[in-house]
1. Can you tell me which condition Arg28 does not meet? The list is (1) under 16 Å from Leu108 (Cβ atoms); (2) touching a Pro at 6+ places or on another chain (Cβ under 8 Å); (3) not hydroxyl-bearing (Ser, Thr, Tyr), and all the others hold.
2. Can you tell me which residue in the range 1-25 is farthest from Gly131 (Cα to Cα), limited to those that are open to solvent by 80 Å² or more (accessible area, probe 1.4 Å) and part of a loop (DSSP other than H, G, I, E, B)?
3. Among the helices (runs of 4 or more DSSP H) confined wholly to the range 26-143, which include 3 or more residues that are modelled with pLDDT of 95 or more, of a type in the set (A, V, I, L, M, F, W, C) and buried (at least 20 other Cβ atoms within 10 Å of the Cβ)?
4. Enumerate the pairs (first residue in the range 64-79 and free of Cβ contacts under 8 Å to residues at least 60 places away in the same chain and of a type outside the set (D, E, K, R); second residue anywhere and crowded, with 19+ Cβ neighbours inside 10 Å and in a loop (DSSP other than H, G, I, E, B)) with beta-carbon separation below 7 Å, excluding pairs fewer than 6 apart on the same chain, so at least 6 apart or on different chains.
5. Which residues, counting only those in the range 29-48, are closer than 22 Å to Ile16 by Cβ and without any contact (Cβ under 8 Å) to a residue 40 or more places away in the chain?
6. Could you list all residues from the range 38-93 that are of a type in the set (D, E, K, R) and under 12 Å from the mean Cα position of the chain (by Cα)?
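The values are calculated or read from the model by the stated rules, or taken from the named source; none is laboratory data. Keep in mind it's a predicted model, so treat the numbers as computed, not measured. Cβ placement follows ideal geometry from the backbone for every residue including glycine, while neighbour counts extend to all protein chains displayed. SASA here: full protein model, heavy atoms, side chains in, ligands and nucleic acids out. Shrake-Rupley method; radii C 1.70, N 1.55, O 1.52, S 1.80 Å.
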Amino acid sequence: DNAIHYVTPLANKKHIVIIKNIHEARVRGNKDSLTSLLVILFDNAIKYSPDKSTITVSCEKLDGSLILSVTDKGIGIGEKDVPHVFDRFYRTDKARSKMGAGGYGLGLSIAKQIVEIHHGKITVQSREHKGTTTLVRLPIVFS
């Protein structure tokens, strides 16, 4: 909720609606870092999505992990670029040429570091002109 609150002005500018499909689960970690992780994922989804579209955030419990996904209907990432999206300073040709989509290519690299510090894994699934889903897997804390 904190991350959504932080990106809402950017989403509102593009008339993008963020849909939540969340199930409760506890993960151990730094709240600020995990919020930053989500802000990065939402920011990318908003930045590369068309006006008046939707972004869906969902999570589910699976095999002792929380699987969080952020899905957009944006420009997508080419197959040759997907393996490099977590590299520092990497930006696809489309990202470089997209008007108004600034940045330095550090967001997903930072996101990956945050996930790894929390003993998780992050992956991207994408199809050009169809959208992107970023998946984060974090261990669940059992009480």
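1. (1)
2. Result: Glu24.
3. Values: elements: 31-47, 93-97, 107-117.
In the range 26-143, 31-47, 107-117 are the helices (runs of 4 or more DSSP H) which contain 3 or more residues that are modelled with pLDDT of 95 or more, of a type in the set (A, V, I, L, M, F, W, C) and buried (at least 20 other Cβ atoms within 10 Å of the Cβ).
4. Taking only residues 6 or more apart or on different chains, the pairs are Gly74/Tyr48; Gly74/Ser49; Ile75/Tyr48; Ile77/Val85; Ile77/Thr92; Gly78/Thr92.
5. Of everything in the range 29-48, those that are closer than 22 Å to Ile16 by Cβ and without any contact (Cβ under 8 Å) to a residue 40 or more places away in the chain turn out to be Thr35, Leu38, Val39, Phe42, Ile46.
6. Just the residues of the range 38-93 that are of a type in the set (D, E, K, R), to begin with: 43, 47, 51-52, 60-61, 63, 72-73, 79-81, 87-88, 91, 93.
Asp43, Lys47, Asp72, listed by residue number.
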